[in-house]
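Worksheet: the structure to be examined is printed underneath.
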């Protein structure tokens, strides 16, 4: 009985893998560093290094064009003159990807983010920060052998995320360096 179940599982996995490859769909994981900053009214801020990681799906229309939605945890914020802002988001970039050559893609699209937590100097300020952020992500990815990739992206936040009375405007921005691995399907 165990051999029959194992055989069915292997055949099913192969069938799913073949279907995904035939449809131009890929699934992968990625992680990397964020170099985040915030544009704050009348305050000079410094870059904060954080982490991002999650999953992506490649929906290839052709050899050159694809749509790449992602679901990423993203640690952001900045260092203010007398304090440290730590904002954590669940981000969903939806990128249109163009491959001018097989080893390089250029990508751009909107990014929607939902606030998970917000702290300034360790104090919870989530009630003073808007629950969502919207921006534009633009970048490039180098496609390496074995489904590996390395990417560089810039994300501009368009939303004033501040609901604080002392700070009238806070907008997020960041540079992301990432490594990824397309596990199955389209690269």
Counting only residues that are at positive phi and not in a helix (DSSP H, G or I), the range 140-168 contains a total of 0
Worksheet item: If you go through the range 126-140 one residue at a time, do you hit one that is closer than 18 Å to residue 27 by Cα, in contact (Cβ under 8 Å) with a residue 12 or more places away in the chain and buried (at least 18 other Cβ atoms within 10 Å of the Cβ)?
Response: no
Residue 77: closer than 17 Å to residue 151 by Cα, surrounded by 14 or more Cβ atoms within 10 Å (Cβ to Cβ) and free of Cβ contacts under 8 Å to residues at least 60 places away in the same chain, yes or no?
no
Residue 114 fails exactly one of (1) within 18 Å of residue 158 (Cβ to Cβ); (2) at pLDDT below 95, namely (2)
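The values are calculated or read from the model by the stated rules, or taken from the named source; none is laboratory data. This structure is a prediction, so every number in the text was calculated from the model and none was measured. Note: ideal-geometry Cβ built from the backbone for every residue, glycine included; neighbour counts use all protein chains shown.
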